Amino acid sequence: MNTDRRTHWPITANLSFLRQRIHRYATAIGLTGTRRDDLLLVANEAATNVLEHGGGSGTLTIWHDETDLMVDIADTAGRLTPGDVHRRRPSPRAEGGFGMWLMGQLCDEFTIRQETGRSHVRLRMRLRPALHAL
């Protein structure tokens, strides 16, 4: 199987359709159960952020290799920076930041890259759990 191909979908208000596509893709390559559910949750959160805070439109790109599934969410505002990656849980009184924190908790990798006029959120999920040395 050629794993170099990337699939791109526009981020629109129809997030249900986007989640269905991600679900089909993840299932087809072997990401199932809780890991797939976690991916759907954080990808939906990232896409929602694009619609609400990232200029209102963007693109989701998904691809995989033998070990990982990657999702890149690009917006058209470019406001997010690498410093926006939250590692500590926000206060219960915080007005935001929970989605960003959740991405960091549920993904094997969560990064933000900024370029002129765009921000890219990268979510990586391992396809198979890491083996722990005993």
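The values are calculated or read from the model by the stated rules, or taken from the named source; none is laboratory data. Note that the structure is predicted; figures quoted are calculated from it, not measured. Glycine gets a Cβ as well: all are built from the backbone with ideal geometry, and neighbour counts include every protein chain shown.
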Going through region 1-40 one residue at a time, which ones are closer than 24 Å to Thr76 by Cβ and either among the β-branched types (Val, Ile, Thr) or in contact with a Gly (Cβ under 8 Å, 6 or more places away or on another chain) (or both)? Thr7, Pro10, Ile11, Thr12, Ile22
Name the single residue, out of those in region 45-67 being of a type in the set (D, E, K, R) and surrounded by fewer than 16 Cβ atoms within 10 Å (Cβ to Cβ), that is farthest from Leu18 (Cα to Cα). Glu66
I'm checking my understanding of the structure. Among residues of region 85-121 that are among the polar types (S, T, N, Q) and under 17 Å from Asn44 (Cα atoms), which one is surrounded by the most Cβ atoms within 10 Å (Cβ to Cβ)? Ser119
Taking only region 1-28 into account, find how many residues are surrounded by fewer than 16 Cβ atoms within 10 Å (Cβ to Cβ) and out of contact with any helix residue (DSSP H, G or I) (no Cβ under 7 Å at 6 or more places or on another chain). 16
Note on Thr59: of the conditions (1) under 20 Å from Leu31 (Cβ atoms); (2) under 13 Å from the mean Cα position of the chain (by Cα); (3) of a type outside the set (Phe, Trp, Tyr), unmet is (1)
If we keep just the residues of region 69-84 that are charged (D, E, K, R) and surrounded by 17 or more Cβ atoms within 10 Å (Cβ to Cβ), which is modelled with the lowest pLDDT? Asp75
